[in-house]
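Read the structure below first, then the notes.
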Amino acid sequence: MSAERVVESSPDCAFEAHFTDALQMFDAARDKAPQAAAVHYFDTTLSYAQLDQDANALAAFWQEQGVLAGDRVGLFLQNVPQFVIGLIASWKLGAIAVSINPMNRARELSLLLEDSQARVLMCHDYLYHEVVSQLDQRPDNLLLIVAGDHELQNRNDPRIFGVPSAPAGEGFFLRDITAAWANAKPVRTRIKSSDIATIVYTSGTTGLPKGVEHSHASYAFNSEAFRSWAALDDGVPILAMAPLFHVTGLILHIGVAFACSTPLVLTARFHPEVFAEAVQTYQAAFTIGAITAFIALLNADKVRPEQLASLKKIYSGGAPIPEAVVIAFRQKFGHDIRAVYGLTETTSVATAVPHDRLAVCNEEGVLSVGLPIHATHLRIANEQGQALPTGSVGEILIRGPQVMRGYWQRPEATCEVMSDGFLRSGDVGYLDAEGWLFLVDRMKDVIIASGFKVWPREVEDVLYGHPDVREVAVVGVKDDYRGESVKAVVSLKAGAQVTPEQLIVFCKSRMAAYKYPRQIEIRDDLPKTTSGKIMRKELR
Ligand code: AMP
């Protein structure tokens with residue numbers, strides 16, 4: 001029997017797509033109720049009409065500056081309204097939004113700006129001072145838009161950003177643009193459903209960042225498909241727990257909010273008490289985030305169950321979800337956490353637990369990551385890509401409207417992961433007789449620390465930049481709070497005296513906080529294969 005499952009739609013939540021591009025989804029939400037809240041940010045609320053006006057002003061300004069359809073716009077921002085304004089403005093112009101992790105430091109940012117050949121960069125003023133101004137080189141012609149921390153009320157909430165920094169002194173303030181261009185003529189470029197809506201960077205197994213292209217069709221499809229799968233009602237607030245720069249935030253927060261014509265509640269960054277306060281204030285009904293965020297809520301003494309009472313639909317993805325956490329969360333807050341499984345390459349969701357069922361558990365106590373969502377086909381395959389029978393363990397292959405267009409300017413890398421119309425996920429798992437998907441392991445060496453992916457090779461490359469380091473191998477080690485944390489095993493050059501603590505400081509200044517190794521072990525030699533390759537596996 002073939003293990004290929006074809007799930008078109010389940011009878012209890014029939015799915016009909018309405019939109020073929022992401023901007024249509026936004027336009028429909030705006031036209032439905034222009035004065036309804038689109039974004040809540042602490043004490044500030046933007047209506048759909050205001051959001052549209054600000055995005056139009058920005059798009060008109062960019063147009064005047066010579067930004068064209070297809071140009072890349074970097075969004076180097078936290079979970080703030082300006083992220084949404086920048087995204088819509090990009091689409092109005094037919095430009096491509098490139099979301100960039102605000103934890104990135106100068107070395108990482110310059111790689112992404114170069115690879116995407118960004119024409120515009122939007123950032124906070126604190127990120128301008130800490131990161132952008134530290135870049136050795138910037139792409140020619142880069143138009144810098146500074147979303148000052150002080151532009152919206154409470155932006156400088158000390159719990160979030162600390163003391164506001166001084167104005168950037170170069171580039172343009174978003175506030176000035178939205179004021180000066182408030183009455184600009186509507187900007188609208190014809191969008192084809194196959195055009196790229198967003199590029200999200202992921203790291204390949206080689207550790208080099210690859211831009212994943214999401215078409216407008218995939219963006220709109222997965223936003224609507226998940227809305228239907230989770231049976232989310234129109235107008236019911238969504239609280240963004242996941243970062244907006246990640247595909248989870250882009251689709252399951254922003255896309256789903258537009259699909260439901262609903263307000264999106266933003267809190268800059270995840271903090272358990274701030275999150276709980278926002279849920280209660282805005283009566284948010286849906287959220288999705290990394291399991292570590294739910295663990296943080298469980299462990300936050302000041303978070304009371306009544307604060308989360310309205311949060312009826314909760315999903316988690318990106319990393320394994322221990323059953324013990326699901327049980328503890330249910331006991332404390334009375335809500336179930338359901339899994340989604342997907343990749344940046346599947347524009348977020350590929351499988352998810354239906355809203356009206358609980359995930360099945362296998363004999364080892366591992367929870368399933370759900371059933372394929374609408375129009376999504378899964379195949380469990382052997383190394384040759386051939387389908388294996390039900391229950392067999394193999395690589396998970398995914399086909400559906402949410403599979404990426406390809407990697408930005410990397411046709412060979414795209415060919416490597418596409419097989420017979422399916423995306424090779426690099427994850428290993430199996431399907432049970434009812435079609436529930438179970439993940440077994442990751443084929444790739446990625447380390448998942450607090451839900452963030454860390455690629456060993458990238459950390460190794462930084463350590464190799466230290467003059468005392470001879471060889472290095474980076475592995476993930478079990479960590480009760482982060483799930484996994486980064487450990488480096490290092491051998492030193494003859495006579496070198498550097499200590500593990502000094503190496504940690506070296507790494508810390510060169511990479512995002514979730515990536516630098518928390519442990520460094522110094523050994524005389526590292527284990528190697530006969531061909532001389534360092535064996536990471538031996539060190540785990
Ligand atoms: P990303 O591209 O950052 O979204 O990472 C995708 C990877 O995260 C997948 O290939 C899986 O290895 C992992 N992942 C996603 N969802 C889950 C889940 N529900 N449980 C365990 N691992 C997951």
**Relative contact order (percent, whole number), the stretch 447-539, Cα cutoff 8 Å, 6+ residue spacing** = 29 percent
**Prompt:** Taking 0.36 nm per residue of separation and subtracting the Cα-Cα distance, what length does fully extending GLN519 through ASP480 add?
**Reply:** 12.6 nm
**Asked** Hey, which lysines would be in cross-link range of LYS312, C-alpha to C-alpha under 18 Å, not counting anything within fewer than 8 residues on its own chain?
**Response** LYS332
**Request:** Could you work out the equivalent-ellipsoid semi-axes for the stretch 237-380, taking the square root of 5 times each eigenvalue of the Cα gyration tensor, largest first, in whole Å?
**Result:** 23, 19, 13
**Item:** Orientation-averaged projected area, Cα convex hull of the stretch 409-499 (nm²)
**Value:** 9.5 nm²
**Asked** Size of the dipole of the chain about the Cα centre, Lys and Arg at +1 and Asp and Glu at -1 on the beta carbon, nothing else charged, in debye to 20?
**Response** 380 debye
**Request:** Could you please state how large a percent of the accessible area of the stretch 20-352 is carbon and sulfur, counting protein chains only and using a 1.4 Å probe?
**Result:** 50 percent
**Message:** Amide H of THR390 versus every other amide H placed in the peptide plane: which residues, excluding those fewer than 5 positions away on the same chain, fall under 5 Å?
**Reply:** ALA3
**Item:** Alpha-carbon radius of gyration plus Dmax, which is the widest Cα pair, for the stretch 365-442 in Å
**Value:** 12.8, 42
**Asked** Under a straight-distance cross-link criterion of Cα-Cα below 21 Å, which lysines are reachable from LYS478, leaving out those fewer than 8 residues away in the same chain?
**Response** LYS444, LYS453, LYS487, LYS508, LYS515, LYS537
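Can you give me the accessible area per residue for the chain, using a 1.4 Å probe, in Å²? It would help to have the intermediate numbers written out before the result.
Details: 21760 Å² over 540 residues.
Accessible area per residue: 40 Å².
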**Request:** With just the Cα atoms of the chain, tell me how far they stretch along each of the three principal axes, in Å, largest first.
**Result:** 69, 59, 50
**Message:** If you filter the stretch 351-423 for GluC sites (Glu not before Pro), then keep DSSP loop positions with at most 12 other Cβ within 10 Å, what is left?
**Reply:** GLU363, GLU364, GLU383
**Message:** Can you give me the convex hull volume of the Cα atoms of the stretch 21-67, divided per residue and expressed in Å³?
**Reply:** 84 Å³
**Item:** the stretch 447-539: translational diffusion in µm²/s, Stokes-Einstein, Kirkwood Rh over Cα pairs, 20 °C, 1.002 mPa s
**Value:** 160 µm²/s
**Message:** With just the Cα atoms defining each centre, how far is the stretch 261-321 from the stretch 48-100? Give it in Å.
**Reply:** 27 Å
**Prompt:** Roughly how compact is the stretch 217-268, stated as its Cα Rg over 2.2 N^0.38 Å to two decimals?
**Reply:** 1.01
**Prompt:** How high is the relative contact order of the stretch 222-274, given as a whole-number percent (alpha carbon pairs under 8 Å, six or more residues apart)?
**Reply:** 43 percent
**Request:** Work out from phi, with θ = phi - 60° and the Karplus expression 6.51 cos²θ - 1.76 cosθ + 1.60, the ³J(HN,Hα) of each residue of the stretch 312-327, listed in order in whole Hz, and give x for Gly and Pro.
**Result:** 7, 10, 10, 10, 9, x, x, 7, x, 10, x, 4, 4, 5, 4, 5
**Message:** If the reach is capped at under 23 angstrom between alpha carbons, list the lysines near LYS92, excluding any in the same chain fewer than eight residues apart.
**Reply:** LYS32, LYS185, LYS192
**Prompt:** Per residue of the chain, what 222 nm ellipticity follows from adding -39500 (n - 2.57) for every DSSP H run with n ≥ 4, rounded to the nearest 500?
**Reply:** -7500 deg cm²/dmol
**Complete:** the stretch 20-352: antiparallel bridges as % of DSSP beta bridges, rounded to 5, reads 35 percent
**Request:** Please give the length that would be gained between GLN384 and ASP136 if that part of the chain were fully extended, namely 0.36 nm times their separation in residues minus their C-alpha to C-alpha distance (nm, one decimal).
**Result:** 84.8 nm
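The values are calculated or read from the model by the stated rules, or taken from the named source; none is laboratory data. Just so it is clear, the structure is predicted and the values come from calculations on it, not from any experiment. Note that each Cβ is placed from the backbone with ideal geometry, even for glycine, and that neighbours are counted across all protein chains shown. The area values use the complete protein model at the heavy-atom level, side chains included, leaving out ligands, DNA and RNA. Shrake-Rupley method; radii C 1.70, N 1.55, O 1.52, S 1.80 Å.
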